[in-house]
Amino acid sequence: MFSSLMFIGLMANTWIAASIVAVIAGITGFFAVLRGEAFAAHAIPNGAFAGAAGAFLLGVNVIWGLAIFAIAGALGIGALGSKARHDVVTALTLVLMLGVGALFVSWSTEYAEQAYSLLFGEVYGVSSNEVWPIAGIGLVAIAAVGLAFRRLMLTSAMPEVAEARGVSVRGTEVYFLVVMALAASMTVPVVGALLMFSLMIGPAAAARSVTARPGLALALSVAIALVITWLSIALSYRTNWPLGFFVGIGGAAFYLIGLAARELGGTRARTRAA
Amino acid sequence: MTSGPLLTALLVGGIAAITSGIIGVFSVVRSQSFAGHSLADIATTGGAAAFLIGVSQFWGFLVMGIAASATMEVIGVQRRRGRDVATGVVLGGALGFAALFLYLGTLQTSTTGASFSILFGSIFVVSPDTVPGIVTAGVVTLIAVALLGRRLLLTSISPDLARARGVNVRLTGVFFLMALAITVSLSAVAIGAVLSTALLVGPAATALRVTRSPLRAVAVSAAIGLATTWLGVWLAYESYYWPPYGHGWPVSFFIVALVLAGYLLSYARRPRRALPPRSPHEGVECSPA
């Protein structure tokens, strides 16, 4: 099968790529949860997945299809989001992208086999020259969030105050959605659309349920995402079960642990006060 | 126009469109489009599990849908942001199981197209066996909505007022989520998760832009859903004669395009004041659309 050296190389790439993805997911997910944009976090990678079908049809690199659909979706949600209910617009944008994806799929023949790996990820097939683009886009996404950190926090927590200070709430939202779209278009080929979503929401929700302090919650979100990813890779390697399974239930489990910890902490605080 | 698959498609699509249209009005008013979409995705996990243990798919998505909606309600805070996150966490967990079941399924049968047909589905390959399930889901939902309609509307628009009148807001929410789960999961299995979400959200959002009366909105939504579905099915049927020859265009594309066109037309029909993007004050999300 594998020579051991080659195997170590492949596993190392998997660990590096997955860890970068976990950091990106932990950071963007924190803001997605804080801003109540879990649906957008689901819709953008999933819609991007449909864009990959278009790329297959045209015979161009999958990344282009993913990026164009993800960014178009982000702009669509951002542009229409102020006019109507946010969740309605997100749902309609998602089904439009998937509907167009269905059309592409019906025209192409080879896409169906790729669908599974784009949905659930192909993390064990990461080669070393695929690691660099992921690392690059990861840095860009983190830098983009870092530059707008205060603005993102302010518009999430106190939109009125932000408006009063001349910070555009809508502009910030579109900015954030585009950052999320960029991150998704790079991470989807590695971990899959569904797994990216699990990694964004689970750790961030768990972190937010434990602490209200933004800096700490952000760090905790990244840490939990990394722990889930590393544990999942190890478990998936041992059991041969899909990585997405461990990441999916890992995120939910950490959230439940976080809720339980908060309940316990709450009762302790209450008994102390009494 | 007399072929079997076409008639089944018109029947199943029509029932799914009407029930989704009606329950969709409530899910749009309650800002639970995400829950509707998630339950459709989650139901497919149940379908995969049922396939693995060899029971009827019907039980798989019924059990999974109801379990998921109960979990969402239990861990979801009553605020909208908390609800979205709770929905996301449940969806994330369920997708994990979907990955596992599909993987185990491919070990058993080596079918690769499973994940694919679940997402996109095809209304033309609906087996006549699912027709009774769809009809049952439609009837159950309609009865539930007829019985709980007023209460549902009151808790959706003003939870405080409902509470003051002695309505159990939380229980009503659970009932609604379960009705939503049954409707959406059956239509997802029959016509695919994409279409099921499109039919749930699109016609309802359009109807709520056209009229403010809840009863009229329900009727308009069901009518739009039915019209777009039948027109979409007919166009897809005709598209066998369009290029590229030999391949029909997918129904989901036509229906989604029609639903979206209807929604965008409702903007042109009557200019209305733009709603504020997202208010941090919960409980003021009462104005429709």
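Quick note: the coordinates plus some simple rules give every number you see, no bench work behind them. Nothing here was measured: the structure is a model prediction, and the numbers come from that model. Cβ: placed from backbone, ideal geometry, glycine included. Neighbour counts: every protein chain shown.
Assorted remarks:
- Overall, the ratio between the Cα radius of gyration of the stretch A:138-259 and 2.2 N^0.38 Å, rounded to two decimals, is 1.17.
- Trypsin sites (Lys or Arg not before Pro) within the stretch B:188-257: DSSP coil, no more than 12 neighbouring Cβ in 10 Å: B:ARG212
- Of the DSSP H helices in chain A, those that are both long (alpha-carbon extent of 24 Å or more along the helix axis) and hydrophobic (Kyte-Doolittle mean at least -1.0) are A:4-34, A:38-58, A:62-81, A:86-107, A:128-147, A:169-191, A:193-210, A:214-239, A:243-273.
- Taking 0.36 nm per residue of separation and subtracting the current Cα-Cα distance, fully stretching the chain between A:ALA12 and A:LEU216 would add 70.5 nm.
- Cα shape, chain A, gyration tensor, a/c 1.5 rule: oblate
- Relative to the current alpha-carbon distance between B:LEU7 and B:ASP129, full extension at 0.36 nm per residue lengthens the span by 42.5 nm.
- Least to most buried among A:GLU37, A:GLU173 (fewest other Cβ within 10 Å first): A:GLU173, A:GLU37
- Using equal-weight Cα scatterers in the Debye expression, the normalised intensity of the stretch B:28-83 in log10 at q = 0.22, 0.27 Å⁻¹ is -0.80, -1.00.
- For B:TRP249, distant residues with modelled amide H under 5 Å away: B:SER239, B:TYR240
- Modelled FRET efficiency - R0 45 Å, A:ARG165 with A:ALA234, Cβ distances, 0.05 increments: 0.45
- Shown in residue order for the stretch B:84-101 are the 3J(HN,Hα) couplings computed by the Karplus curve 6.51 cos²θ - 1.76 cosθ + 1.60 at θ = phi - 60°: 4, 5, 4, 4, x, 5, 5, 4, x, x, 5, 5, x, 5, 4, 4, 5, 5 Hz (x for Gly and Pro).
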